[in-house]
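**Student:** First, the structure itself, so that you have it in front of you.
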Amino acid sequence: MATIDILCVIDTNGLMKKGLKPGTLDNPTGLGGWSDSDSFVFMICDGQYACNNQGKSELSIKANIGDTLRWTITDPSTGLISGQQNKSFSCILYKFKSAGINKQITDPVLKSTPALTYYNSLNSATTPSAGAYMCSSWTSSVLSLGSNIQYDWSFQVIDNFSGDVVGYYTWDPFINVQEAAIGAEVEAL
């Protein structure tokens, strides 16, 4: 069974400049319909699983029953506080809510996932250096074929300088599990 990583990239600088109400933990501010949320949310996955254009607030992916969906979230400048003039943010997903009656996927579960990345060594631009860290991911399993499941992902925006939460937001993609020529198709819209 495959693990299909779905990376949600949030333009937090753009979101903060927009001046939307910051919402609350229990009542996050909605980012609007897909054309509105496309301004702030960009979902991507490995190309072998993509069924539509990537980089929008909706994403269609191919999967088989039993595959794992794994969502993570980031911001283009997460962790880069140098040169940010006191404006640097991070995001965390915190709530998944499904309007679907039939369960085509399991409810996502929060996990701590070890991660390893390589970056340019300061001693030589062609020598890789490793960096290990822990990241949060939300995992779910594809259970069955079915129709559209509307769901909401809520996320918090954290000020990297103070550690304070500066906003709570949500957007509402869809998941569509359909029989396809190659296994099932999961549409995360």
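**Student:** Within the stretch 1-57, take every residue that is of a type in the set (S, T, Y) and in contact with a Pro (Cβ under 8 Å, 6 or more places away or on another chain) and give me the one that is farthest from I158 (Cα to Cα).
**Tutor:** Going through the stretch 1-57, the residues of a type in the set (S, T, Y) turn out to be 3, 12, 24, 29, 35, 37, 39, 49, 57.
Those left that are additionally in contact with a Pro (Cβ under 8 Å, 6 or more places away or on another chain): 29, 57.
Values: T29: 15, S57: 20 Å.
The qualifying residue farthest from I158 (Cα to Cα) is S57.
**Student:** Filter the strands (runs of 3 or more DSSP E) completely within the stretch 141-189 down to those with at least 2 residues that are at pLDDT 60 or above.
**Tutor:** 149-159, 165-171, 174-179
**Student:** Can you name the residue in the stretch 1-38 that is modelled with pLDDT of 90 or more and hydroxyl-bearing (S, T, Y) and is also surrounded by the most Cβ atoms within 10 Å (Cβ to Cβ) among such residues?
**Tutor:** In this case the residue turns out to be T12.
**Student:** If you don't mind, there's one more thing I want to ask. Hey, any hits in the stretch 127-137 for a residue that's closer than 15 Å to R70 by Cα and exposed (fewer than 12 other Cβ atoms within 10 Å of the Cβ)? Walk me through it before giving the result.
**Tutor:** Residues of the stretch 127-137 that are closer than 15 Å to R70 by Cα, as a first pass: 134-137.
Those left that are additionally exposed (fewer than 12 other Cβ atoms within 10 Å of the Cβ): 134.
Yes; the residues of the stretch 127-137 include at least one that is closer than 15 Å to R70 by Cα and exposed (fewer than 12 other Cβ atoms within 10 Å of the Cβ).
**Student:** Return yes or no: is A130 of a type in the set (A, V, I, L, M, F, W, C) and modelled with pLDDT under 85?
**Tutor:** Numbers: of a type in the set (A, V, I, L, M, F, W, C): yes; modelled with pLDDT under 85: no.
No: the conditions fail for A130.
**Student:** Just give me the residues in the stretch 56-93 being outside any strand (DSSP E or B), at pLDDT 85 or above and of a type in the set (G, A, S), in sequence order. Steps first, answer last, please.
**Tutor:** Applying the first criterion (outside any strand (DSSP E or B)) to the stretch 56-93 yields 57-58, 64-67, 75-88.
After this cut, where a residue has to be at pLDDT 85 or above as well, the list is 65-67, 75-76.
Within the stretch 56-93, G66 is the sole residue that qualifies.
**Student:** Can you pull out every residue in the stretch 12-52 that is in contact with a Ser or Thr (Cβ under 6 Å, 6 or more places away or on another chain) and not in a strand (DSSP E or B)? Can you show your working first?
**Tutor:** Here is the first cut: in the stretch 12-52, the residues in contact with a Ser or Thr (Cβ under 6 Å, 6 or more places away or on another chain) are 20-21, 23, 28, 30-31, 34, 37-38, 41, 51-52.
Hits for the stretch 12-52 are L20, K21, G23, P28, L31, W34, S37, D38, C51, N52.
**Student:** Being closer than 17 Å to S154 by Cα and either β-branched (V, I, T) or assigned to a loop (DSSP other than H, G, I, E, B) (or both) is the filter here, so list the residues in the stretch 101-133 that pass it.
**Tutor:** To start, the set of residues in the stretch 101-133 that are closer than 17 Å to S154 by Cα comprises 107-111.
Matches in the stretch 101-133: D107, P108, V109.
The values are calculated or read from the model by the stated rules, or taken from the named source; none is laboratory data. Since the model is a prediction, treat every value here as computed from it, not as a measurement. A quick note on method: Cβ atoms are made from the backbone with ideal geometry, for glycine too, and the neighbour counts reach across all protein chains shown.
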